[in-house]
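The values are calculated or read from the model by the stated rules, or taken from the named source; none is laboratory data. Just so we're clear, the structure is a prediction, and the values are computed from it rather than from any experiment. Neighbour counts are summed over all protein chains in view; Cβ atoms, including those assigned to glycine, are modelled from backbone coordinates with ideal geometry.
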Amino acid sequence: MDMSKISRFTQRVVTLAKNAVGGRGESAAPTEGGGFADYAVVSLHCLRVYLGESYRTALDWLSEMPHILAEIGLEPDELPDHSTLVKAFDRLTMEVWRVLLRLSAQEHETSGHAAIDSTYFDRENASKHYCRRTNYHVQTLKTTALVDTDTQAVLDVHCTTEKRHDTQIGWQVALRNAGDLHSLAADKGYDWQELREKLREEGVRPLIKHREFHPIDHAHNARIDTDDYGQRALSETVFSSIKRTLGHAVRSRAWYREFREIVLMCSVYNIKRAVTHPN
């Protein structure tokens, strides 16, 4: 294990975590009956995902890394137990993790040219209650990512257990980010003329291939800049990298934790990439 990389990663994480939660110089460890500082909780969860281990194992490893904990402001004997860390994950809202994702993307010099694609993450411990309540067993989470084509940074991510079409999710993700985009590339799964029109209304050039039912569809596809469209494959590369380095499954037992976990995984991916591939 390269401790220098972990140290650089932790330094970057602590800075972003403080910005994400609005850290005001409070102590990382509990004082006078209080809890752990939010930035410390976010930092510990980032390290848990970075290490690719369970709560218990990650905390055991970190207890043997005093210099890494010192970057957060903790001593080994001040580490929380795993149940405290789980509860803290529940306490922090999705908005915190989305802010962290946005800040992690800003660590890269993004181009304004993006690609969108989706994949599936396995649910290792899918909530039986949720599966009963929705009347079908969901084995995977559909995850849609918006990726900058120059830096491969994840700009946004959408998670769902519902059977929604790519075009509907694509518009939702694109609308959230339209102000920062010049173009959006996608495959034929996002072939929806209204989506193209909506993107143009927002000043975003759509690079979305048509399904080829008629000769005119082939002509439309031929007009799309091949180099620009080819960048769409980068989103698939990003998913492959996330699954290879951070895992292909989410361990959380509740669906709302699983959504947050995937956003966190994308943030960790961005920060790791910023540390190892600086602009």
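Spot the failing condition for Pro206; the list is (1) at pLDDT 90 or above; (2) assigned to a strand (DSSP E or B), and only one is missed.
(1)
If you scan region 4-49, which residues turn out to be buried (at least 21 other Cβ atoms within 10 Å of the Cβ) and not aliphatic (A, V, I, L, M)?
Matches in region 4-49: Phe9, Thr10, Phe36, Tyr39, Ser43, His45, Cys46, Arg48.
Just to be sure, is Leu101 touching a Ser or Thr at 6+ places or on another chain (Cβ under 6 Å), part of a helix (DSSP H, G or I) and closer than 29 Å to Ser241 by Cα?
yes
I'm trying to understand the selection: among the residues of region 144-190, which are among the small types (Gly, Ala, Ser), over 12 Å from Val204 (Cα atoms) and not in a loop (DSSP other than H, G, I, E, B)? Quick ask: steps written out before the conclusion?
In the first step, residues of region 144-190 are kept if they are among the small types (Gly, Ala, Ser); the result is 145, 153, 170, 174, 178-179, 183, 185-186, 189.
Still in the list and also over 12 Å from Val204 (Cα atoms): 145, 153, 170, 186, 189.
Of everything in region 144-190, those that are among the small types (Gly, Ala, Ser), over 12 Å from Val204 (Cα atoms) and not in a loop (DSSP other than H, G, I, E, B) turn out to be Ala145, Gly170, Ala186, Gly189.
Quick check on region 104-114. Is at least one of its residues part of a helix (DSSP H, G or I) and either out of contact with any strand residue (DSSP E or B) (no Cβ under 7 Å at 6 or more places or on another chain) or at pLDDT 95 or above (or both)?
Just the residues of region 104-114 that are part of a helix (DSSP H, G or I), to begin with: 104-105.
With either out of contact with any strand residue (DSSP E or B) (no Cβ under 7 Å at 6 or more places or on another chain) or at pLDDT 95 or above (or both) added as a condition, the list becomes 104-105.
Yes, that holds for at least one residue.
Would you kindly identify the helices (runs of 4 or more DSSP H) lying entirely within region 1-72 that contain at least 3 residues that are within 19 Å of the chain's Cα centre (by Cα) and without any contact (Cβ under 8 Å) to a residue 60 or more places away in the chain? Spell out the reasoning first.
On the way: elements: 3-21, 38-51, 55-63, 66-72.
The qualifying helices (runs of 4 or more DSSP H) are 3-21, 38-51.
Sort out which residues of region 50-94 are acidic (Asp, Glu) and either at positive phi or crowded, with 18+ Cβ neighbours inside 10 Å (or both), and write them in order of number. Even if it seems obvious, please write down each step before you answer.
In the first step, residues of region 50-94 are kept if they are acidic (Asp, Glu); the result is 53, 60, 64, 71, 75, 77-78, 81, 90.
Of everything in region 50-94, just one residue is acidic (Asp, Glu) and either at positive phi or crowded, with 18+ Cβ neighbours inside 10 Å (or both), namely Glu71.
Considering only residues that are of a type outside the set (D, E, K, R) and under 25 Å from Ser4 (Cα atoms), look in region 242-262 and name the one that is modelled with the highest pLDDT. Break it down stepwise before answering.
Step one: of region 242-262, the residues of a type outside the set (D, E, K, R) are 242, 245-250, 252, 254-256, 259, 262.
This time we only want the ones that are under 25 Å from Ser4 (Cα atoms), so: 242, 245-247.
Working: Ile242: 75, Thr245: 66, Leu246: 64, Gly247: 66.
Step by step, filter region 242-262, then rank; the result is Ile242.
Please go through region 158-191 and pick out each residue that is crowded, with 23+ Cβ neighbours inside 10 Å and within 16 Å of Thr237 (Cβ to Cβ).
Ala185, Ala186
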